[in-house]
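Report on the following structure.
Read the figures in this text as sums done on the coordinates, not as results from a lab. No experiment lies behind these values; they were computed from the predicted model shown. Quick reminder, even Gly has a Cβ in these numbers, built from the backbone with ideal geometry, and neighbours come from all protein chains shown.
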C-alpha cells in the first residue's frame, strides 16, 4: 500500500492589529501576507478611504502583531455598519454606492478563473483546510491569489494586495472559495467591485444588498454550464 502524503493542519493564530498606536482588533489569521491583510481589512471595514492614508505597515511575525501608522490630517474612520435588522430588511451601510461601470466578463472566463484559483493555492494543497480569494484585472489578465483559514480574511488579503498595486475595484472580478455573506458583500461594495463569484453560495442578505447596489453575484460556480446567477447580470455575459 502506497504511503499517503502527510497533510498538515491548517495554521491559525490570534493576530492583533494596532492602528495609530491603539489596539484595534485581534483576529484569527493564517500568518502569511499580513501587510495585505492589514491594508485590506482597514479599507473594507471603513477605517481608511485610500492607501494614501497609510504611512507604514510593520509586521512583527514573532509577536503576531501588525502596526499601522496613518498620515496626519486624515479625516477619520468612515465606518457605518448598523448592527441588527428586521427579517428581510437589509441594514443600511453608510457610504456605500453602486459600483462604477466595469468590463463585462464571459461565464467561460469566470469559470476558468475559478478553476485556476484552485491550482494556485499551495496552502490548501498542503492542509486541505484553507480558503482562497482571487482578484482578476480583466483588461490585462493579471491575477492575485491569497489564502487564509478565514474566508473574510482571504478576501481582505486579496483586496489589500490589489490596493497596494494601485488597482481599483471596478476593473476587477473577485472570486472566493467561501460563502458570500452580507458582511463580505459590504467589503466588496466598499472596494467598488461589480462582479464577484463564489465556489459555494451567497446569502439572502448579500443578494438583497447586491441587487440594491447593482452588483452581480455568482454562486456554485463549477463550469460555464454549472453556476447560479443571483442578480441581473449586468457584468456577466454568456
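Things to note:
- Between residue 224 and residue 58, the modelled label-to-label distance comes to 5.1 nm, taking each label 7 Å out from Cα in the direction of the beta carbon.
- For the chain, relative contact order (Cα pairs under 8 Å, six or more residues apart, normalised by length) works out to 20 percent.
- Theoretical ellipticity at 222 nm over the chain - DSSP helices of four or more residues, -39500 (n - 2.57) apiece, nearest 500: -8000 deg cm²/dmol
- For the stretch 105-237: relative contact order, % (alpha-carbon pairs under 8 angstrom, 6 or more apart): 22
- Each label was represented as a point 7 Å from its Cα along the Cα-to-Cβ direction; for residue 179 and residue 71 these points are 4.0 nm apart.
- One equal scatterer on each Cα of the stretch 119-238, no solvent, Debye formula: the resulting log10 I(q)/I(0) at q = 0.19, 0.22 Å⁻¹ is -1.00, -1.34.
- Rounded, prolate or oblate (a/c below 1.5 giving rounded, otherwise prolate when a/b exceeds b/c) for the stretch 13-70 by Cα gyration tensor: prolate
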